[in-house]
Amino acid sequence: MMCVRTQGKLCRSVWKGLALGTLLTTFLILLYSYAAPPLIFSSTENPTSFQCHPSSLPNFPVSKSNSTEMHCPQRHNLMFLKTHKTGSSTILNILFRYGEKHHLHFAFPRGRNDFDYPSYFQHWQVEGYHPGSCFNIICNHMRYSHSEVKMLIPPDAVFVTVLRNPALLFESSFQYFARVIPLTWKLPGAGSEQKMDAFLRNPKDYYDSSGFNAHYLHNLLTFDLGYDNEMAIEDPMVSDLLKQLDSRFHLVMLLEYFDESLLLLRDLMCWDMDDILYFKLNARKDSSGSRLSPEICRLAQEWNALDTLIYQHFNATFWRKVEEYGVERMKNNVLELRRRNDELKQECIAGGGPVDASKIKESGLQPWQPLGQTSIQGYNLRKNISPKHRQLCRNMLTPEIQYMSRLGADLWVTQLWGNIRALLNW
């Protein structure tokens, strides 16, 4: 009887949220229609009628470091494709700090913290865009469109993204987004793990590619990269997909080898070690390790076969880059990076580690939470931080939304939605 009451309460809460969310979405669409420029239709592959001219922005020649030290000018122009649930929020913090330090020009979304995701990116979605606009860094969530992005950055820009083991990505995505994916609501099970288990054992019984937010549950990496996530792995276009990705991205980072990835980024951009120091941001409090059994892990990889193929391909290219970097050099630099990160943790973070959202004392350090949950952890600043590190510590602990606002992004849609969620206690 108690279970029936509990499920009934959950259903009423879900439908209440859907109704209010629909009304809010309609309201925001109306407001956005007044704020947005006229729609410009363009193909994601066709060349554009004008080019980005970087002469007025800091521009540096392509130059690589040698095998031991950095002997090249720092590069400032970067396109980072922020993929979902891949540690990309931590990378964003690194880019925000670097861009702020060097007074670089960010291409931020208009009114929100993503570029109208899950729609394909279009150049007019950038805040303050006008024909001929040029930017140093693009790094917010989007569904990638290569030709649209190239219109906005200098020709020498570096293109980077990050991938994650597809089974672990699916686990994280399912747990984070399930409340906003209606097709998961009918799954049997008392919690997300049981529901995920039921889904992966019979995905075709539950999955509908046309369902709202369904893309979060099938080949999410492929979707974010701008391709058809429903493409069969036997499709001849798959080989072209891999060739395109190889030609478009100078570096594909891997979450499982995060420190090594950052060092490859540092080498590619000719940055200093100080530029890639980090604390882990936007992490779930139960994310210390995967709970997938070997069988469920295999099923998750099979269900996300296209993501798995892409990941395996770039896993191989990643280690070739490590060999070019120097295996011993990489080992030594990883140790140095971790040592310096640990030193900053002791200097910056009260208690030395993350805490639940309810225990974060400053609103400016509160991370954005998934709908109906408070599962994302954050940090408290230590008192009496040395003047040398005070601003650095705050910068490294500042979540994405607050940092974007500080850099001048107008996040009125995101902030309005956050205020409504707070009012309704979602």
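Residues in region 315-359 that are part of a helix (DSSP H, G or I), within 21 Å of Lys280 (Cα to Cα) and either among the hydrophobic types (A, V, I, L, M, F, W, C) or touching a residue at least 24 places away in the same chain (Cβ under 8 Å) (or both): how many?
16
Would you mind listing the helices (runs of 4 or more DSSP H) fully within region 114-207 where at least 3 residues are over 17 Å from Leu220 (Cβ atoms) and in contact (Cβ under 8 Å) with a residue 24 or more places away in the chain?
Numbers: elements: 146-150, 166-177, 192-201, 203-206.
It comes to 146-150, 192-201.
Being modelled with pLDDT under 95, open to solvent by 10 Å² or more (accessible area, probe 1.4 Å) and of a type outside the set (Lys, Arg) is the requirement here; does Tyr207 meet it? Give the derivation first.
Values: modelled with pLDDT under 95: no; open to solvent by 10 Å² or more (accessible area, probe 1.4 Å): yes; of a type outside the set (Lys, Arg): yes.
So Tyr207 does not fit the description; no.
Scan region 286-307 and report the pairs whose first residue is closer than 14 Å to Ser172 by Cβ and basic (Lys, Arg) and whose second residue is open to solvent by 40 Å² or more (accessible area, probe 1.4 Å) and modelled with pLDDT under 95, with Cβ atoms within less than 9 Å and a gap of 6+ or a chain change.
Listed by first residue and then by second, the contacts come to Arg291/Glu193.
Restricting to region 140-171, and then to whatever is open to solvent by less than 10 Å² (accessible area, probe 1.4 Å) and hydroxyl-bearing (Ser, Thr, Tyr), can you tell me which residue is nearest to Asp259 (Cα to Cα)?
Filtering region 140-171 for residues that are open to solvent by less than 10 Å² (accessible area, probe 1.4 Å) and hydroxyl-bearing (Ser, Thr, Tyr), the one nearest to Asp259 (Cα to Cα) comes out as Thr161.
Can you pull out every residue in region 216-261 that is among the hydroxyl-bearing types (Ser, Thr, Tyr) and farther than 27 Å from Pro203 by Cβ? First the steps, then the outcome.
Looking only at region 216-261, we keep the residues that are among the hydroxyl-bearing types (Ser, Thr, Tyr), and these are 216, 222, 227, 239, 247, 257, 261.
If the condition is that a residue be among the hydroxyl-bearing types (Ser, Thr, Tyr) and farther than 27 Å from Pro203 by Cβ, then Ser247, Tyr257, Ser261 are the ones that fit.
Do we find a residue being within 20 Å of Met79 (Cα to Cα) and either touching a Gly at 6+ places or on another chain (Cβ under 6 Å) or among the basic types (Lys, Arg) (or both) anywhere in region 274-288? Please lay out each step first, then the result.
Applying the first criterion (within 20 Å of Met79 (Cα to Cα)) to region 274-288 yields 275-278.
Filter once more, keeping what is either touching a Gly at 6+ places or on another chain (Cβ under 6 Å) or among the basic types (Lys, Arg) (or both): none.
Within region 274-288, none of the residues are within 20 Å of Met79 (Cα to Cα) and either touching a Gly at 6+ places or on another chain (Cβ under 6 Å) or among the basic types (Lys, Arg) (or both).
Residues of region 103-113 being assigned to a strand (DSSP E or B) and surrounded by fewer than 23 Cβ atoms within 10 Å (Cβ to Cβ), which ones? Show your work before the answer.
Within region 103-113, the first condition is being assigned to a strand (DSSP E or B), and the residues that meet it are 106, 109.
Hit for region 103-113 is Phe106, nothing else.
Failed condition for Pro118, given (1) more than 21 Å from Arg394 (Cβ to Cβ); (2) open to solvent by less than 20 Å² (accessible area, probe 1.4 Å), with all others met?
Condition (2) is where Pro118 drops out.
Quick check on region 324-332. Is at least one of its residues open to solvent by 40 Å² or more (accessible area, probe 1.4 Å) and either of a type in the set (Ser, Thr, Tyr) or touching a Leu at 6+ places or on another chain (Cβ under 8 Å) (or both)? Before the answer, list the steps.
Just the residues of region 324-332 that are open to solvent by 40 Å² or more (accessible area, probe 1.4 Å), to begin with: 324, 327-328, 331-332.
Applying the additional criterion that residues be either of a type in the set (Ser, Thr, Tyr) or touching a Leu at 6+ places or on another chain (Cβ under 8 Å) (or both) yields none.
Among the residues of region 324-332, not one is open to solvent by 40 Å² or more (accessible area, probe 1.4 Å) and either of a type in the set (Ser, Thr, Tyr) or touching a Leu at 6+ places or on another chain (Cβ under 8 Å) (or both), which makes the answer no.
Restricted to region 367-393, and to residues that are part of a helix (DSSP H, G or I) and touching a residue at least 40 places away in the same chain (Cβ under 8 Å), which residue is least open to solvent (accessible area, probe 1.4 Å)? Don't jump to the end; show me each part of the working.
Of all residues in region 367-393, those part of a helix (DSSP H, G or I) come to 390-393.
Next, from what is left, pick out any that are touching a residue at least 40 places away in the same chain (Cβ under 8 Å): 392-393.
Details: Leu392: 54, Cys393: 0 Å².
Filtering first and then ranking leaves Cys393.
All but one of (1) among the acidic types (Asp, Glu); (2) open to solvent by less than 50 Å² (accessible area, probe 1.4 Å); (3) under 30 Å from Gly352 (Cα atoms) hold for Asp224, so report the exception by its number.
Asp224 satisfies every listed condition except (3).
All but one of (1) of a type in the set (Gly, Ala, Ser); (2) out of contact with any helix residue (DSSP H, G or I) (no Cβ under 9 Å at 6 or more places or on another chain); (3) within 22 Å of Arg179 (Cβ to Cβ) hold for Gly408, so report the exception by its number.
(3)
Would you confirm whether or not region 174-186 contains a residue that is open to solvent by 40 Å² or more (accessible area, probe 1.4 Å), under 18 Å from the mean Cα position of the chain (by Cα) and within 14 Å of Asp224 (Cβ to Cβ)?
Checked against the condition, which is being open to solvent by 40 Å² or more (accessible area, probe 1.4 Å), under 18 Å from the mean Cα position of the chain (by Cα) and within 14 Å of Asp224 (Cβ to Cβ), region 174-186 yields no hits at all.
Of the conditions (1) buried (at least 16 other Cβ atoms within 10 Å of the Cβ); (2) modelled with pLDDT of 95 or more; (3) under 22 Å from the mean Cα position of the chain (by Cα), Gln312 satisfies every one except a single condition; which number is it?
(1)
Which ones in region 233-274 are touching a residue at least 24 places away in the same chain (Cβ under 8 Å) and among the small types (Gly, Ala, Ser)?
Ser261, the sole residue that qualifies.
Would you please name the residue that is nearest to Tyr403 (Cα to Cα), looking only at residues in region 245-286 that are modelled with pLDDT under 95 and more than 16 Å from the chain's Cα centre (by Cα)?
Lys285
The values are calculated or read from the model by the stated rules, or taken from the named source; none is laboratory data. Nothing here was measured: the structure is a model prediction, and the numbers come from that model. FYI the Cβ positions are ideal-geometry reconstructions off the backbone, even for glycines, and counts take in every protein chain you see. Protein only, heavy atoms only, side chains kept; ligands, DNA and RNA dropped before computing areas. Shrake-Rupley method; radii C 1.70, N 1.55, O 1.52, S 1.80 Å.
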